[in-house]
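Below you'll find the structure, written out as structure tokens, and then a few comments.
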Amino acid sequence: MATTKVPEVRDITRIERIGAHSHIRGLGLDDALEPRQVSQGMVGQLASRRAAGVILEMIKDGHIAGRAVLIAGQPGTGKTAIAMGIAQSLGPDTPFTALAGSEIFSLEMSKTEALSQAFRKAIGVRIKEETEIIEGEVVEIQIDRPATGTGAKVGKLTLKTTEMETIYDLGNKMIDSLSKEKVQAGDVITIDKATGKITKLGRSFTRARDYDAMGAQTQFVQCPEGELQKRKEVVHTVSLHEIDVINSRTQGFLALFSGDTGEIKSEVREQINAKVCEWREEGKAEIIPGVLFIDEVHMLDMECFSFLNRALESDLSPVLIMATNRGITRIRGTNYQSPHGIPIDLLDRLLIIATSPYTEKETRQILKIRCEEEDVELSEEAHTVLTRIGMETSLRYAIQLISTAGLVCRKRKGTEVQVDDIKRVYSLFLDEARSSQYMKEYQDSFLFNETQTASMDTS
Amino acid sequence: MAVQSWIDILRLSKKTALIHDEKRKIHYLFPDGKEMAEEYDLSTDELIVRKWRNKSTLGAQTQWRIEVGEPLISPVTSLDSDVIKENCSNPIFMQKNTQTSFQWRIRNLPYPKEVYSVAVEPSERCIVIKTSNKKYYKKFSIPDMDRCQLPLDSSALSFTHANSTLIVSYKKPKEILTLEQDLLKELKKIKATGEGDVNCKTQ
């Protein structure tokens, strides 16, 4: 085929990629915190979901600071899924910070600094602040894309109120967010001038006669009056870390030479803690303790664990959720063995939620949900085969086979994945057990085979 | 008396003066953390620039907000910034005082004079500019009058239009005139550092 490639103008809203846990929409609990068998992308794991629900209520209440929860279980039993479920049910206003245990090891920052930053990112402060906003009805949006397909886009936006009209120049980010929000002429919008955040208020009444196809939830609003730019008090949530950064930045021209964040002085932190407490007493601000989720927590070392012990005692500390898949293993940085690779004194402060392996029925259910998420149709027999693979190898491997099998199926112009497609990808891609088996058989022909150490040191 | 209190606040503030570029530049730091900077012409003693800066609630330093004088012309490089900005063809609003009156100039207003109506709204302590073609609208207060808590008088207000610029004038009342003269005397007493880079103690 000799068709010339035309650079496609891609819509931003369509680039929503499917992640490993994008099917999780919540914990799947009813009002009495009883887990439903299949709900919001969650399957099985009833006891641990129920436990997570109790923790969730505690977080929502926001009175208790510095509690820590450990989710422990074998690989592929939904530990991260439960954490994601908690994050999803918390809503957008409660801070949820997720990091992996190995993320804190960096040359630029000490381990404890990275941990304190993570802790402070997980505490939100809801405060009133005056900002400049632009509020008006869209008269016209004009976006010019360069003919070559690359380079900066140029845009103009005309807004009006009942009294006046103004033309604005748009930056690249603004153009993106305008097209993401699908703003068109006749919409009434507000733009936060400092952050560029766009909020659609509805459609103008003057456009009510346009016989456009519009959703049932379209609201009609009056065209705003007076000036386009207004100063308004808005309530927004910022994290303690953001306040730290704002206040620790070197002022004046020196700011050009110093890096952006780096380490934050403890005096700055203390000052800010005092200020926030003052605001809270005056009723100006509200503290929203959030969640800090540390995945693969066994990767932390002894120093970090003792830091955690101390940090959890502060009254400005979030709820800490950790996840690990290790059994009794060496604590990093020491020669001692301990359950989950966590020192006993820290374990003593934790509430531990255990996850158990999925049953065959549950595995089947999860694979079905993933098929829907990845937009792949599976025949009944193929589904059964895939479930078997999931049970015998691992759930993750079975999930990986979904989209690959989907591709194979599409290549032979089929609409539904059949057993043969699964067989084909199963033979193309090895799972962990088969790969190990292969290694054992052909080890001699690989490079560096003379190092015959029996077990690898993982910690 | 209200006029007195404003001049008291000015007296209490930390002041640094600097003579540079034929201008007397004064920096004020008020007890509540606000900063004000003024520039006076050395020969005519006219106020050229007055701008304000204060800390936001979270502690960040905000941009200088210009009360009197030409708005800062932003360098061309910031044109491709990511956020939103007024197009240069829009009306530009600025305050520029003369010895006897407060004056506001709005440039880039090409419509004929009949379109505009300018009025004082005493209840809201502000002046409102309206256009009958619904292209421009501006509501603004006179900060000098607010600080002295003087009432606004519609007879002091007048406006003209020429070269696509609308000029609104408001005659300064007696109280303001005496206050400005007192302030100027006071400012001349501050020992000004000469040319060159000097450390601004109040910053």
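Find the Cα radius of gyration of the protein assembly as shown, compare it with 2.2 N^0.38 Å by division, and give the number to two decimals.
Computed over Cα atoms of the protein assembly as shown, the ratio equals 1.26.
Antiparallel DSSP bridges in chain A: what percent, to the nearest 5?
About 65 percent, rounded to the nearest 5.
Express as a percent, rounded to the nearest 5, the fraction of DSSP beta bridges in region A:124-282 (both residues included) that run antiparallel. Intermediate values should be presented prior to the final figure.
Working: 34 of 36 bridges.
So the antiparallel bridges in region A:124-282 amount to around 95 percent.
Test of the criteria: in region A:282-359, which GluC sites (Glu not before Pro) are in a DSSP loop and have at most 16 other Cβ atoms within 10 angstrom of their Cβ?
In loop regions of region A:282-359 (DSSP not H, G, I, E or B), the sparsely surrounded GluC sites (Glu not before Pro) are A:E313.
Run a plain Debye calculation on region A:127-174 (Cα atoms as equal point scatterers, no solvent) and give log10 I(q)/I(0) at q = 0.19, 0.32 Å⁻¹, rounded to two decimals, same order as the q list.
Relative scattering, expressed as log10 I(q)/I(0), comes to -0.72, -1.17.
Report the per residue volume, in Å³, of the convex hull enclosing the C-alpha atoms of chain B.
171
Mind pulling the angle between the C-alpha long axis of helix B:174-189 and the longest principal axis of chain B? Nearest 10 degrees, somewhere in 0 to 90.
Helix B:174-189 sits at roughly 30 degrees to that axis.
As a check on your grasp of the helix formula, calculate [θ] at 222 nm for chain A: sum -39500 (n - 2.57) over DSSP H runs of n ≥ 4, divide by the residue count, round to the nearest 500.
Taken over chain A, the calculation gives -10500 deg cm²/dmol.
What does the convex hull of the alpha-carbon atoms of region A:167-209 project to on average, in nm²?
Working: hull surface 13.3 nm².
Mean orientational projected area (region A:167-209, Cα hull): 3.3 nm².
Looking at region A:261-358, I'd like the Rg to Rh ratio, where Rg is from alpha-carbon atoms and Rh is Kirkwood's inverse mean 1/r. Provide the component values of the computation, followed by the final result.
Numbers: Rg = 16.9 Å, Rh = 15.8 Å.
My calculation puts Rg/Rh at 1.07.
Let me see the P(r) profile for region A:337-381: every Cα-Cα distance counted, bins of 10 Å, each bin given as a percent of all pairs.
In whole percents, the pair-distance histogram is 21, 28, 17, 22, 12, 0.
Divide by every residue of chain B the summed helix terms, -39500 (n - 2.57) for each DSSP H run of at least 4, and state the resulting mean residue ellipticity at 222 nm, rounded to the nearest 500 deg cm²/dmol.
My calculation for chain B gives -5000 deg cm²/dmol from helical runs alone.
Calculate I(q)/I(0) for region A:360-443 by the Debye formula, one identical point scatterer on each C-alpha and no solvent, and give its log10 at q = 0.13, 0.16, 0.24 Å⁻¹ to two decimals.
-0.39, -0.56, -1.12
In the neighborhood of B:Q63, defined by Cβ-to-Cβ distances under 10 Å, what is the net charge if each Lys or Arg adds +1 and each Asp or Glu adds -1?
Net of charged neighbours comes to +3.
Hey, what angle do you get for helix B:2-12 against the long axis of chain B, alpha-carbon based, 0 to 90 degrees rounded to 10?
In chain B, helix B:2-12 runs at an angle near 40 degrees to the longest axis.
Using a probe radius of 1.4 Å on protein heavy atoms only, what is the accessible area buried between chains B and A, both sides summed, to the nearest 100 Å²? Let's see the in-between values first.
On the way: alone 12910 and 27790 Å², together 38230 Å².
So the total buried area for this chain pair works out to about 2500 Å².
Quick one: accessible surface of A:T158, probe radius 1.4 Å, all protein chains present, in square angstrom to the nearest 10.
Approximately 20 Å² of A:T158 is accessible to the 1.4 Å probe.
Can you list the residues, at least 5 places off or on another chain, whose amide H is less than 5 Å from the amide H of B:V49, using H built in the peptide plane?
B:E39
May I ask you to derive the relative contact order of region A:158-249, considering only C-alpha pairs under 8 Å and at least 6 residues apart, and to give it as an integer percent?
29
Rank these by accessible area, largest first, 1.4 Å probe: B:H20, A:H63. Let's see the in-between values first.
Values: B:H20 70, A:H63 160 Å².
So the residues, ranked largest to smallest area, are A:H63, B:H20.
So how long is each side of region A:66-151 along the principal axes, counting just the alpha-carbon atoms, biggest first, in Å?
Sorted from largest, the Cα extents of region A:66-151 read 56, 41, 33 Å.
I'd like the Kirkwood hydrodynamic radius of region B:89-191, using the inverse of the mean 1/r over distinct C-alpha pairs, in Å.
Result for region B:89-191, one decimal place: 14.8 Å.
Could you tell me what percent of the accessible area of chain A is made up of carbon and sulfur, with a 1.4 Å probe and every protein chain present?
On the way: 13600 of 26620 Å².
Within chain A, the accessible surface is 51 percent carbon and sulfur.
Per residue of B:54-64, how many C-beta atoms from partner chains lie within 10 Å of its own C-beta, taken as a mean?
5
Averaged per residue, what accessible area in Å² does region A:43-112 show with a 1.4 Å probe, protein chains only?
Solvent-accessible surface per residue comes out at 43 Å².
Would you mind giving the mean number of other chain beta-carbons within 10 Å of the Cβ of each residue in A:164-177, as a whole number?
That works out to 6 on average.
Shielding of A:269-276 by partners, i.e. mean partner chain Cβ atoms within 10 Å per residue? Present the calculation step by step, with values, prior to reporting the outcome.
Numbers: counts 0, 0, 1, 2, 0, 0, 3, 0.
Per-residue shielding by partner chains comes out at 1.
Determine the per residue accessible area of region A:360-443 with all protein chains present and a 1.4 angstrom probe, expressed in square angstrom.
About 64 Å² of surface per residue is accessible.
Report the net charge of residues surrounding B:L184, where surrounding means a beta-carbon distance below 12 angstrom and charges are Lys +1, Arg +1, Asp -1, Glu -1. Kindly include the intermediate steps, with their values, before the conclusion.
Numbers: positive: B:R24, B:K185, B:K188, B:K189; negative: B:E38, B:D41, B:D45, B:E46, B:E180, B:D182, B:E186.
Net of charged neighbours comes to -3.
Quick one: which of A:K232/B:K34; A:K60/A:K284; A:K193/B:K23; A:K156/B:K171; B:K34/B:K191 span more than 29 angstrom between C-alpha atoms? Please list the in-between numbers first.
Numbers: A:K232/B:K34 20 Å; A:K60/A:K284 21 Å; A:K193/B:K23 33 Å; A:K156/B:K171 39 Å; B:K34/B:K191 22 Å.
Too far apart for the 29 Å limit: A:K193/B:K23; A:K156/B:K171.
Given a cut-off of 25 Å, what percent of all Cα-Cα pairs of region A:124-282 lie beyond it?
50
The values are calculated or read from the model by the stated rules, or taken from the named source; none is laboratory data. Quantities reported herein were computed from a predicted structural model and do not represent experimental measurements. Neighbour counts are summed over all protein chains in view; Cβ atoms, including those assigned to glycine, are modelled from backbone coordinates with ideal geometry. These area figures cover heavy atoms from the full protein model, side chains too; ligands, DNA and RNA do not enter into them. Shrake-Rupley method; radii C 1.70, N 1.55, O 1.52, S 1.80 Å.
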